[in-house]
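As structure tokens, the structure follows; a few thoughts come after it.
Derivation of every value follows stated rules applied to the coordinates shown; laboratory data play no part. Worth saying up front: this structure is predicted, and the values here are computed from it rather than measured. Quick reminder, even Gly has a Cβ in these numbers, built from the backbone with ideal geometry, and neighbours come from all protein chains shown.
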Amino acid sequence: MKIVHYPHPALRQKAAPVTTITKELQIQVGEMLDLMYQNKGLGLAGPQVSLPQQVFVLNFEGDPEKKELEHVAINPTVLEQKGSVDDREGCLSFPELFAKVRRAKTVKVSAYNLKGDPYEMILTDLPARIWQHELDHLHGVLFIDKLGFLGRMNVKKELEQFIKEFYDAREKGELSTDLEPKL
């Protein structure tokens, strides 16, 4: 399992709801958590590892020692949102790229954990931002899609570099040749 980078087509694929929590899914979630920590992330969604299922993992501090801040969200939703705030955001599928994105300040969310138990939380500020960011991934929406015209122009060169690296990797045989990114 590895994190795919923009413009990999898996990032634009809408994830399917999880209908059964299998041993395989439990193993994949464990691998996702390991990858998230190895890459110093706060969250990681299924599509970012070419897993087209509605699942993401989070740790609101990104600290593998703080397991109490670790969450697995299966079939997650946002039930309510309040306020809005612009803040700097990045993504493990866009290494070293950061941009200001507007998100709801507070969200009430629900999901199922790895045991299949439903849960709800009210999240504010950074935890709310992380949840919304990862939820977007499950719908094929990327944080760059939330940028306005100026924000998009500010990251244009970096996006072009990601695209070049994607095609270079594909040409070297590091990626399947049947992949066509949806930009």
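Summary table below
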| read-out | value |
| --- | --- |
| Integer Hz, Karplus 6.51/-1.76/1.60 couplings in order for the range 73-89, x for Gly and Pro | 10, 10, 6, x, 9, 9, 8, 8, 9, 9, x, 8, 8, 9, 8, 5, 9 |
| By average C-beta atoms within 10 angstrom, highest first, the peptides 45-52, 155-162, 99-106 | 45-52, 99-106, 155-162 |
| Gyration tensor (alpha-carbon) shape descriptor, the range 1-92, a/c threshold 1.5 | rounded |
| Using distinct alpha-carbon pairs, which all enter the 1/r mean, Kirkwood radius of the chain in Å | 16.8 Å |
| Size of electric dipole in the chain: Cβ of Lys, Arg +1 and of Asp, Glu -1, about Cα centre, debye, nearest 20 | 540 debye |
| Pairs beyond 22 Å (Cα-Cα), from K105/K156; K82/K146; K2/K23; K2/K172; K40/K66; K14/K146 | K105/K156 |
| Extended-chain gain in nm, criterion 0.36 nm per residue less alpha-carbon gap, Y167 and D145 | 5.8 nm |
| Antiparallel bridges, percent of DSSP beta bridges restricted to the chain (to nearest 5) | 95 percent |
| Length gained when the stretch M121-V18 is fully extended (0.36 nm per residue, less Cα-Cα span) | 35.1 nm |
